[in-house]
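In what follows, a structure is listed as structure tokens, so that the remarks can point back to it.
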Amino acid sequence: MKHLFSALFILFLLAACNTNSPNNHNPMATTAVKTDTLCYESRYGQEVFSLMLILEPDNKVSGTLNYIFPEKPSAMGTFKGTRRGDYIQADYTFVIEGNEQTEVIELEMEPKRIMRKIGPLVEKDGKLVLQDPANSTFGEEFKLINCANAAQN
């Protein structure tokens, strides 16, 4: 009986010193960083507008936004920005007719689509921005699609 109590006491001490306890901090442990990729598209005849959105940690976003026109110059580029809830603001750098431009874009995420705010643009500090953001509307729609079915970016 004495040995049983001694063995139980030793097991109790070992359990109390367990280094896998959630209260112990393990500086060598790594945490998986979750990144989501969503694809959106709009088609108007042969015109294809595609948006690939990468939701990164710490509310950062990046992706591609391409406007493919069969009979006029296409605009193809990338963007980086931040997300606050369903609202995204990003710098979109694209090339059209051989010229590189940067435009500040605003997006609003919804369950099955993403909307881009549109309106007249002006140049400010080397970037195109909405002339009157307060009175501009989220009027350009991209529908959520499976990324495997997305147009080539």
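Failed condition for PRO111, given (1) of a type outside the set (Asp, Glu); (2) under 17 Å from the mean Cα position of the chain (by Cα); (3) assigned to a strand (DSSP E or B), with all others met? Among (1) of a type outside the set (Asp, Glu); (2) under 17 Å from the mean Cα position of the chain (by Cα); (3) assigned to a strand (DSSP E or B), PRO111 violates only (3). Among the candidates MET109, MET76, the residue that is among the aliphatic types (A, V, I, L, M) and surrounded by 18 or more Cβ atoms within 10 Å (Cβ to Cβ) is uniquely MET109. Only residues that are aliphatic (A, V, I, L, M), farther than 19 Å from SER74 by Cα, at pLDDT 95 or above and over 17 Å from the mean Cα position of the chain (by Cα) were counted across region 118-153, and they come to 3. GLU123 - would you say it is part of a strand (DSSP E or B) and among the acidic types (Asp, Glu)? Criteria met by GLU123.
Taken as a whole, the condition of being closer than 15 Å to ASP36 by Cα, without any contact (Cβ under 8 Å) to a residue 60 or more places away in the chain, in contact with a Lys or Arg (Cβ under 6 Å, 6 or more places away or on another chain) and hydrophobic (A, V, I, L, M, F, W, C) does not apply to VAL104.
The values are calculated or read from the model by the stated rules, or taken from the named source; none is laboratory data. Predicted model only: the values in this text are computed from it and were never measured. Glycine gets a Cβ as well: all are built from the backbone with ideal geometry, and neighbour counts include every protein chain shown.
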